[in-house]
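Have a look at the structure below, then the notes.
Derivation of every value follows stated rules applied to the coordinates shown; laboratory data play no part. Not measured: the values here are computed from a predicted model. A quick note on method: Cβ atoms are made from the backbone with ideal geometry, for glycine too, and the neighbour counts reach across all protein chains shown.
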């Protein structure tokens, strides 16, 4: 196991560095300071040929210009949506920055994905990233200290350990937003990928994808991935996927993804109660913006975002997302790669 690093530009007068963790089997994971972003995950296909299995950019400018798509980044202080960009906590109303329709998405206008993180190399060839989210940032209360560990196992498992503490009660819901395409160039979309999500329920949502508070059975709906099926099979019936799946409580594994074109197989594990499955419905919008190099087509990649339910601060029946002083937020999520 080893770590190498190289310059990757500057952000707000701070140097951005790309750190690459490599293991003996040839898997590589590259992470940058900007947004604690994963820029590359290189794994071998069934023929032994290495390829990058996430969507990314060759320069920092690509990530900054395409920030609205959240490529590979850490998301917070609250992943997904908070309705009306507001919530009431302990009798006080907090107004957040609204950055999408009439809600706060992925932490607001400048969430954790657009912040500079400190990175330290650890003795076990992991990377420790830290960031302090200040009281009032994007409207959220409390100074929150976040620590994120990226570790690459010898068995080709990328492990992400999150820890957060606060000095005031505040909602915390963290995730990663990698867009996976296991074909690594052999297929332009993920429509032929076979996906399994170990869930029987999802959160019903309105036209803005904000939960109504109701949980709905997935069985016999286009959103049902409880048994493996291709992403493209029912995608038109679903109107594209951007759904919060409630994971089965007795299931350690959250999801499986297989690409027949390359033979790559990915397993997802998480301590979180839900996974947002997003099929990259709006990725093609980048092609109309600033002529950005390496823009992607619709459905070029998919996200499997470990999380608590969207809008939980406004839904008392949902699992709690309020972190209080003296407590610690903890999450472990991993993606394990192999071939079939």
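What the table below lists for this structure:
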quantity: Projected-area mean, region 157-202, by convex hull of Cα positions, square nanometres; calculated: 5.9
quantity: Stokes-Einstein diffusion coefficient of the chain, Kirkwood radius over Cα pairs, 4 °C, 1.567 mPa s, in µm²/s; calculated: 64
quantity: Residue 13-residue 338 FRET efficiency (beta carbon distance; Förster radius 56 Å; 0.05 resolution); calculated: 0.85
quantity: Ranked 2, 312, 59, criterion: other C-beta atoms within 10 Å, fewest first; calculated: 2, 59, 312
quantity: Per residue Cα convex hull volume in Å³ - calculated over region 1-106; calculated: 155
quantity: Principal axes of region 103-143: Cα extent on each, largest first, Å; calculated: 41, 19, 13
quantity: Taking 112, 318 and counting other C-beta atoms within 10 Å, the order from fewest to most; calculated: 318, 112
quantity: Neighbour-count order for 175, 230, fewest beta carbons within 10 angstrom listed first; calculated: 230, 175
quantity: Whole-number percent relative contact order across region 110-258, with pairs defined as alpha carbons under 8 Å at least 6 apart; calculated: 17
quantity: Inter-label distance for residue 24 and residue 47, nm, one decimal - labels placed 7 Å from Cα along Cα-to-Cβ; calculated: 2.7
quantity: Estimated FRET transfer efficiency (residue 251, residue 191; beta-carbon r; R0 35 Å; 0.05); calculated: 0.85
quantity: Whole-Å distance, taken between Cα centres, linking region 1-77 and region 303-340; calculated: 23
quantity: Translational D in µm²/s for region 79-234 (Stokes-Einstein at 10 °C, 1.306 mPa s, Kirkwood Rh from C-alpha pairs); calculated: 85
quantity: Pairwise label distance in nanometres, residue 95 with residue 130, each label 7 Å out on the Cα-Cβ vector; calculated: 3.5
quantity: FRET efficiency estimate (nearest 0.05) - Cβ-Cβ, residue 226 to residue 64, R0 41 angstrom; calculated: 0.60
quantity: GNM top mover of 274, 154, 199 - the chain, alpha-carbon springs below 10 Å; calculated: 154
quantity: Computed [θ] at 222 nm, deg cm²/dmol, the chain (DSSP H ≥ 4; -39,500 (n - 2.57); rounded to nearest 500); calculated: -500 deg cm²/dmol
quantity: Residues of region 17-41 with amide N under 19 Å of a point placed 7 Å along Cα→Cβ from residue 143; calculated: none
quantity: Approximate spin-label separation residue 163-residue 208, in nm, with each point projected 7 Å along Cα-to-Cβ; calculated: 3.7
